[in-house]
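Scroll down for the structure; my scribbles are underneath it.
Throughout, read-outs are computed from the coordinates displayed, never taken from laboratory work. Since the model is a prediction, treat every value here as computed from it, not as a measurement. Cβ: placed from backbone, ideal geometry, glycine included. Neighbour counts: every protein chain shown.
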Amino acid sequence: MKIWCCFGLGEDEEEVRGTMREGMFGNENDDESEGKELGFLLGGQMSDLEENEMVVGSGGGGGGGDQWQLGVGGWRQFDQFASTSGQGIGDNGEAFFPEKCDRPEGSERDDCDSDDRDSWDVHHKRAKVHSYSQGCNYAITAMPLEAGNSSSSTDRDYNVSQSPIPFNNEILRLTSMSNDGDDENPLDSNDGRDEEGDGFSTSKMEDLEVRMDLTDDLLHMVFSFLDHINLCRAAIVCKQWRAGSSHEDFWRCLNFENRNISEEQFEDMCRRYPNATEVNIFGAPSIHSLVMTAMSSLRNLETLTLGKGTLGDAFFQALADCHMLKRLLVNDATLGNGIQEISIYHDRLHHLQITKCRVLRISVRCPQLETLSLKRSSMAHAVLNCPLLHDLDIGSCHKLTDAAIRSAATSCPLLESLDMSNCSCVSDDTLREIALTCANLHILDASYCPNISLESVRLSMLTVLKLHSCEGITSASMAAISHSYMLEVLELDNCSLLTSVSLDLPRLQNIRLVHCRKFVDLNLRSIMLSSMTVSNCPALHRINVTSNALQKLVLQKQASLTTLALQCQYLQEVDLTDCESLTNSICDVFSDGGGCPMLKSLVLDNCECLTAVGFCSTSLVSLSLVGCRAITSLELTCPYLEQVHLDGCDHLERASFRPVGLRSLNLGICPKLSALHIEAPSMVQLELKGCGGLSEASINCPMLTSLDASFCSKLKDDCLSATAASCPFIDSLILMSCPSVGYDGLSSLRWLPHLTMLDLSYTFLMNLQPVFESCLQLKVLKLQACKYLTDSSLEALYKEGALPALCELDLSYGALCQSAIEELLACCTHLTHVSLNGCLNMHDLNWGFSSGPISELPSIYNTSSLSSHGDDHELIEQPNRLLQNLNCVGCQNIKKVLIPPMARCTHLSSLNLSLSANLKEVDVACYNLCFLNLSNCSSLEILKLECPRLTSLFLQSCNITVEAVEAAISQCNMLETLDIRFCPKLSNASMKTLRAVCPSLKRIFSSL
């Protein structure tokens, strides 16, 4: 919705009204014309800008906060409404005049007196804004500009107050006031007046007053961050912004690159901003006429950019009259008619760039010219008369002859940089002439010049030399290059005939040798060498580098490299990945005394010829030997080594880490390892999983907390005893499938007072007494598949109170009988996780205590004792069990599970009885049970559940009836997931019944 505003002003203020209207919006014709002149940068006329409108106020009532705006193009409508000029509409619909405005008692100044008011100058200061101040009340008529009804109005009244401060330098902030809705109105309910009727209350006036002072200087600073597009958008806000955005400081550069600008528009812009110093009309239509207009109108023009068009002879003839021009850039243009010589004469031109241009001959006479680029231009001849030229680029000028290049370059005696890449006609004779004439030449790019060899060329002052894909460069060329003692950068990529490089250049910092197919030998000496890239040189055998600045060396995929000699005092990183021919002698290079005293990272991945690796380094931090399958022996004496990677070292037999700074080590990928010696003061984790041949181990890691020796079938008691004595902080010890560990080894666990987790699964142990006596802090004990444990092996747990801190016990696939399991479950009430998976001797899980020997046990965990009065013995109430997770997966002989409330399993949350094929009856009453898995219990017939918090029930492949399922889930009020896939007695109709019985169900998995 848009609003056109009518200010009620007195006759004395008519002049101020006119000034205000003109200051805010300017003249209609001026705005339209200026919008036409500035709007083309936005791609259209100002009338197309529907979004750029000035917000006047916002609704604050219940009407949804409608926003009232002043349209940009509504100057005529404003004039029509403002024609009243001295009267408005009062609160009661009557006309009023400013003379009738109320003034507070005691006011020393007449608010409505216009004699003392200063003239409003919007050119120098942004108007201040006040809201809800004391004074006169003005009315505003809201006019929604809807389609087809642009002149209709709504009869809403809005209160606009005038401040007691005079009207100079002020406009009124108009805010829609509506009392509809529940939003709080910032004004009082009696039309914004206080109880005495004299106006707004002072406190509210002070709270709601808003001041904004945006001077031209501040506005200028803000606009300095905008580009031309946003400056044009800012120009349509108000007259002050229009004046500020059109300041010549912002239009020094007239950039019309790829803009569809007409000649009239460009001429108007040049007339409007005659002090512009830079013009860019690249890609604009009719660039010749535009550039002629620019040169004739802009006398201070310094930089000119143009292209994608045709430039006639008149342009080059008029160029000399543009006296201030310093930079001329022409790209992708046709010069003249394309078949005649073009002459460029200018006394002050410093930089000239004519790239990718079509011209037959070109002549340049510019005594002040410093840089010249003719790159990718099609001229056959170039005449240069530029005595101060120091940078010349004629790269990819394929039509230039050898004589033309020689003439152009030798005519510039002060030349410092020359790019003649892709000039296939250049010869050594031309380079010799250039070397004699241009004594200060520092940079030379002669890449892709097949006819040069440099054998007799002496460029003593050269610092950068690029010779990519120069087929004439051979080992003999290095003698000429060695005379360039100032050389810093040398690039020899794709020099197919180069076989060896031997250079002693004291200032050389960077060298590149990539894809040199016949390159064999590199001998480089440079104390300042900091970067060396040698890659994909398949014939390279030897590298000898001496440098005091080289920090990183990458020599990947040098399959033939056998010898490497380095004297690099500051070298820190070396990558020799896929150097398949490297031998064991490489270890001496990177050890102490080998020439790399500060080496920190070494990568030798996939160096398949390494067999015995040994490093003694006080600086090495990271070592990678991934994929070195031939290594059989590894010896590291690196006290600061923190990372070592041995993945794929399948044939490692002996390993020594003494001393090292490792915090963790994984040797589980070395199945043939037989002897291991570790001395690591900082190591906390060691994994030897799968080292089946390990028979000799010396582990001295005083900070070690976790040791995994799974499947170390040859690990004996003496190794375990020595490890326990030297690593007293171990809290997790895994000895799964270590059949050689016996009574003596377990007795040594007394040296591990912090041991909390012990895994003895798949061992041949028969006596666990050393564990019960030594591991008093043990919390997790795993005894899976310990077939030799008898019924009495665990009596110490439930009869003598051994391992009082034990929480998790795993007896899966054991040979314990039914009575031993029952006694264990009845008495060890402190266990939280119990696993009895695959226990074939387990027949029933009955915690009803109705019969059997459990009621007669003298349990040490009971808080009360049996009554001794009379002959009748009465079972006293058992304590609460802490059991949370019970797994009985695959117990084929179990037939009945009974867990009544009297079992006190108040913490049981997960029960897994899956794959119990003979299970027929399940009766569970556990308040906190959330997960119950009875999948593949094919004999299940009776299911009774009193589990109000059960959320997941799995009955997959159970031969159970729908009635039994309904009865079971009827009391499970929180059940969300039910799995009844492959249940033959359940049909599609059962789904609706089950959902009706248990409304909380969200997911039913069915195979139907």
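Using the Cα gyration tensor of the stretch 919-1003, with a ≥ b ≥ c the square roots of its eigenvalues, what is the shape: rounded (a/c below 1.5), prolate (a/b larger than b/c) or oblate (neither)? Cα axes put the stretch 919-1003 in the oblate bin. Counted by Cβ distance under 14 Å from Ser373, the other residues give a net charge of -2, where Lys and Arg count +1 and Asp and Glu count -1. Applying 0.36 nm per residue to the separation of Asn337 and Ser363 and subtracting their alpha-carbon distance, the gain on full extension is 7.8 nm. The label-point distance for Tyr485 and Asp588, in a model that sets each label 7 Å from Cα toward Cβ, rounds to 3.4 nm.
Go ahead and collect, in residue order, the members of the stretch 967-987 whose backbone nitrogen is under 12 Å from a label point 7 Å along the Cα-Cβ direction of Phe1005. Backbone N within reach: 977-982.
Label-to-label distance for Asp347 and His288 is 2.8 nm, based on points extended 7 Å past Cα in the beta-carbon direction. With label points built 7 Å along Cα→Cβ from the Cα atoms of Arg663 and Glu941, find their separation and express it in nm. In this crude label model, Arg663 to Glu941 measures out at 6.1 nm. Students often forget the sequence filter, so: which lysines lie under 26 Å Cα-Cα from Lys1002 once same-chain residues fewer than 8 apart are removed? Cα-Cα hits under 26 Å: Lys944, Lys985, Lys992. The Lys308 and Leu414 beta-carbon pair, evaluated with R₀ = 45 Å, returns a calculated FRET efficiency of approximately 0.85. Assign one of three labels to the stretch 371-530, namely rounded, prolate or oblate, based on the Cα gyration tensor with a ≥ b ≥ c the square roots of its eigenvalues; rounded applies when a/c is under 1.5, prolate when it is not and a/b is larger than b/c, and oblate otherwise. Note, shape of the stretch 371-530 comes out prolate.
Given R0 = 22 Å, the distance between the Cβ atoms of Lys985 and Cys930 translates into a calculated FRET efficiency of 0.25. For Lys1002, neighbours were defined as the other residues whose beta-carbon sits under 11 Å from its Cβ, and their charges (Lys and Arg +1, Asp and Glu -1) total +1. The length gained on full extension between Asn300 and Lys399, counted as 0.36 nm times the residue separation minus their Cα-Cα distance, comes to 32.0 nm.
All other residues whose Cβ lies under 12 angstrom from that of Ala675 are scored, Lys and Arg at +1 and Asp and Glu at -1, for a net of 0. What FRET efficiency do you get for Glu608 and Asp744 if R0 is 45 Å and r is their Cβ-Cβ distance, rounded to the nearest 0.05? For R0 = 45 Å, the calculated efficiency reads 0.60. Per-residue extension of 0.36 nm, minus the Cα-Cα distance of Ser970 and Ser531, leaves a gain of 150.4 nm for this segment. Once you sort the root eigenvalues of the Cα gyration tensor of the stretch 348-400 as a ≥ b ≥ c, which label holds: rounded (a/c under 1.5), prolate (a/b larger than b/c) or oblate (the other case)? Note, shape of the stretch 348-400 comes out prolate.
Along the Cα-to-Cβ line of His830, 7 Å from the Cα, sits a label point; which residues in the stretch 787-802 have backbone N less than 17 Å from it? Only 794-802 pass the distance filter.
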